[in-house]
């Protein structure tokens, strides 16, 4: 039995693990579910650039005015600024934790007072650029912000791609772990 | 009548002379016997003297060994109180032999060690058995910590009564520091290997999946030139970073191993 994404609860924080193939699908499914629940969605992406996400979302009838993006890869890959986009902040490199933190903080501030869910895509993509220690610190930073503001959050990770000791640390920062490769989800 | 008196006197004289001769024989025999006894006793005294000399030499040799050995040699009584210490105690914990006599090992032990070692030593004393390589921390007179390795054998008197222990303490502080450093180095290396696996193995899978997705989108006609270009640049950056991660891992391995030729080293880390 696969965990139904509709059962995702408000103000809870999840670690969702899926195969590399499934992560992209899960991103789309999650956004649809969260929007249906009346949430605005903030996507932090270290995987897909803004332009591709926008195209994906539009092709799947996801209203862009309800989606906000922190893009950590476009500027780094292109070597120059993307043209300004209203609902997207571009960070110069996925390894700049400070800049990403500032972008997340400012985005969440703008969304204060609304019902917000954050999606982080993905821990494994970020691990290319930063150490597991810094990833854990970053996840702790973001989850603290979310809890303060009463927002929900979903961290996507590719299964079997995280060292067990690191996974244990991450699980202490979230409320639920959902592994789409297992039959029964692990509810803490 | 005069003839009788003269004969009597002659008989007496002869008897006396006979007695004297007999006494002379007896004395000669006794002298001979004494001479033999003298020789025997003299021989025994000589043997005793030789044995004493040998014993003195043996004690001297033992004393010299104990006093000059690099380990701290000690004896404690049945209550664990020091009754003997060689001078090496000063080299190890900064106290003279006189200063440790009358005290117990626990008077010089780190406070946090007293309970642990006390329990172990209590069991040893109860068992009356030899023990070896008991590690314990002591406080040097100047305050720094010394790690000692203690070994001992039980002592019994001629009635078989337990009277204490004799043993040695060896300063293994430097050896422990080296072992701890090696263990920490191993732990760091293992942590680095695990980190490297996380930042190499699975990211390749992510890149593989992304490129597969790009190919799929191109085949479906969904991606246009700028999008394809952007995606390929992102994956290229990802691969550059992974290559850098591999170089860092190689550096860690090369630095730790030290068995690589200069040419191999350059190949691995550049």
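Each reported figure results from applying straightforward, stated rules to the coordinates on display, with no laboratory input. The shown structure was predicted, so the numbers you read here are calculated from the model rather than taken from an experiment. Reconstructed Cβ throughout: ideal geometry from the backbone, glycine too, with neighbour counts over all protein chains shown.
Tabulated data
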| read-out | value |
| --- | --- |
| Mean-position separation - Cα centroids, the stretch A:1-61 and the stretch A:115-187, in angstrom | 14 |
| Separation in nanometres of the label points that stand 7 Å from Cα toward Cβ, at residue B:266 and residue B:176 | 4.6 |
| Computed E for residue B:186/residue B:246 - FRET, C-beta separation, R0 30 angstrom, nearest 0.05 | 0.90 |
| Inter-probe distance in nm under a simple model that places probes 7 Å from Cα toward Cβ, at residue A:112 and residue B:39 | 12.3 |
| Averaged over B:210-216, number of beta-carbon atoms from partner chains that fall within 10 Å | 2 |
| Ordering of A:135-144, B:104-113, B:173-182, B:198-207 by burial proxy (mean other Cβ atoms within 10 Å per residue, highest first) | B:198-207, A:135-144, B:104-113, B:173-182 |
| Cα-Cα P(r), the protein assembly as shown, percent of pairs per 10 Å interval | 4, 14, 17, 11, 8, 9, 10, 8, 5, 3, 2, 2, 2, 2, 2, 1, 1, 0, 0 |
| Spin-label pair residue A:61/residue B:91, simplified geometry with 7 Å Cα→Cβ offset, distance in nm | 8.9 |
| Calculated FRET efficiency for the pair residue B:47/residue B:81, C-beta based, R₀ 30 Å, to 0.05 | 0.15 |
| Other protein chain Cβ atoms within 10 Å, averaged over every residue that makes up A:127-136 | 5 |
| Rg followed by Dmax, in Å, when the stretch A:1-82 is reduced to its Cα trace | 13.6, 46 |
| FRET efficiency, 1/(1 + (r/R0)^6) with R0 60 Å, evaluated for residue B:193 and residue B:229 via beta carbons | 0.95 |
| Paramagnetic reach from residue A:36 (point 7 Å along Cα→Cβ, amide N under 20 Å) across the stretch A:56-95 | A:56-68 |
| Peptide B:228-235, shielding by other chains (average Cβ, 10 Å cutoff) | 5 |
| Highest average packing first - B:19-32, B:65-78, A:22-35, Cβ atoms within 10 Å | A:22-35, B:65-78, B:19-32 |
| Inter-part distance where the stretch A:67-110 and the stretch B:57-98 are each reduced to a Cα centre, Å | 73 |
| Kirkwood hydrodynamic radius of the stretch B:161-230, Cα pairs, Å | 18.0 |
| Cα principal axis extents for the stretch B:198-270, largest first, Å | 53, 20, 13 |
| Most mobile of B:17, B:119, B:46 in a GNM of chain B (Cα contacts under 10 Å) | B:17 |
| Cα centroid separation, the stretch B:110-152 to the stretch B:171-190 (Å) | 21 |
